[in-house]
Amino acid sequence: MPSYLAFLRGINVGGKHKLPMKELVAILEEVGCTNVKTYIQSGNAAFASKQRSRDKLAAEITAAIEAAKGFAPLVLLLAQHQLEAIVAANPFPTAQDDPKSLHFFFLTAPAKKPDLAALEKLKAADESYLLAGDVFYLHAPSGIGRSKLAEKVDRHLGVATTARNWRTVSKMLELARE
């Protein structure tokens, strides 16, 4: 049975779109997911599912959340082997020592016409980034909250993303392997 990782965008932020992880577990189980494990309150879940189509499963999860909670968050699904490949390809391995400085922006679709020149203009002197396939890696040693580049990634890539730091990505991969 395939192992998946779900990264939900925009839940439990600023008091909006509240979805306690206990309820997320119940919703995932309702759509047939098993061995569900969550990590922190920002919408991260690892689970197994008989469903082989990631797109279909993401749509089922979104619809189930909307039916239960009245909002439809972006649900980005990765197979375990995909996240393992993304982690192995991390272009900033030394940044792993400071897990809050290394960020993975998971793209919902390939960036067809990314404006990397605009991102380069926004980049702080200590920041580094790389767009590789469906992932935008960002090393922001001064913090993502201060990064002008980070807040404009979606706009300049031309595609929706959801971002997680190294600590979260590592923990999610650990949960998927259990």
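Using the beta-carbon distance between K148 and E84 and R0 = 35 Å, what value does 1/(1 + (r/R0)^6) give for FRET efficiency, to the nearest 0.05?
0.65
So if each residue of separation counts as 0.36 nm, and I subtract the Cα-Cα distance between T34 and D98, what length gain in nm does that give? Present the calculation step by step, with values, prior to reporting the outcome.
Numbers: separation 64, 0.36 × 64 = 23.04 nm, distance 3.27 nm.
Length gained between T34 and D98: 19.8 nm.
For the range 165-178, what does the Karplus curve 6.51 cos²θ - 1.76 cosθ + 1.60, with θ = phi - 60°, yield as ³J(HN,Hα) per residue in whole Hz, taken in order and with x for Gly and Pro?
These are the phi-based 3J(HN,Hα) values: 7, 4, 4, 5, 4, 4, 5, 5, 5, 4, 5, 5, 7, 6 Hz.
Going highest first, how would you order 119-132, 24-37 by mean Cβ packing within 10 Å? Don't jump to the answer; show the numbers that get you there.
Working: 119-132: 15.0, 24-37: 17.3.
Those peptides, ordered most packed to least, come out 24-37, 119-132.
Over the range 1-93, what is the relative contact order in whole percent, taking alpha-carbon pairs under 8 Å and six or more residues apart?
Details: 141 pairs, mean separation 34.3, N = 93.
Taking the mean separation of contacting Cα pairs over the length of the range 1-93, I get 37 percent.
Would you mind working out the accessible area per residue for the range 124-178, using a 1.4 Å probe, and quoting it in Å²? Before the final figure, lay out the partial values.
Numbers: 2610 Å² over 55 residues.
Value for the range 124-178: 47 Å² per residue.
So how exposed is K69, as accessible area in Å² (1.4 Å probe, rounded to 10)?
70 Å²
Can you work out the Karplus-derived ³J(HN,Hα) for every residue in the range 104-120? Use 6.51 cos²θ - 1.76 cosθ + 1.60 with θ = phi - 60°, whole Hz, and x for glycine or proline.
10, 9, 8, 7, 6, 7, x, 7, 6, 9, x, 9, 5, 5, 5, 5, 4
How far apart, in nanometres, would the label points at E66 and K121 be if each is projected 7 angstrom from Cα along the Cα-to-Cβ direction?
In this crude label model, E66 to K121 measures out at 3.6 nm.
When the chain is fully extended, how far beyond the present Cα-Cα distance does A59 get from S128, taking 0.36 nm per residue of separation?
Contour length minus the Cα-Cα distance gives 21.5 nm.
Between their Cα atoms, which of K121/K152; K100/K123; K22/K69; K123/K152; K18/K50 are more than 19 Å away from each other? Before the final figure, lay out each step's value.
Details: K121/K152 11 Å; K100/K123 17 Å; K22/K69 13 Å; K123/K152 10 Å; K18/K50 28 Å.
Beyond 19 Å between Cα atoms: K18/K50.
Could you check how much of the accessible area of the chain is carbon and sulfur, as a whole percent, using a 1.4 Å probe?
51 percent
With N set to the number of residues, divide the alpha-carbon radius of gyration of the chain by 2.2 N^0.38 Å and report two decimals.
1.02
Quick one: accessible area per residue over the range 1-68, 1.4 Å probe, rounded to a whole number of Å²?
Accessible surface, normalised per residue, equals 52 Å².
The values are calculated or read from the model by the stated rules, or taken from the named source; none is laboratory data. Being a predicted model, the structure only gives us computed values, none of them experimental. Methodologically, a virtual Cβ is constructed for each residue, glycine included, from the backbone with ideal geometry; neighbour enumeration extends over all protein chains shown. Side chains included, ligands, DNA and RNA excluded: accessible areas come from the protein's heavy atoms. Shrake-Rupley method; radii C 1.70, N 1.55, O 1.52, S 1.80 Å.
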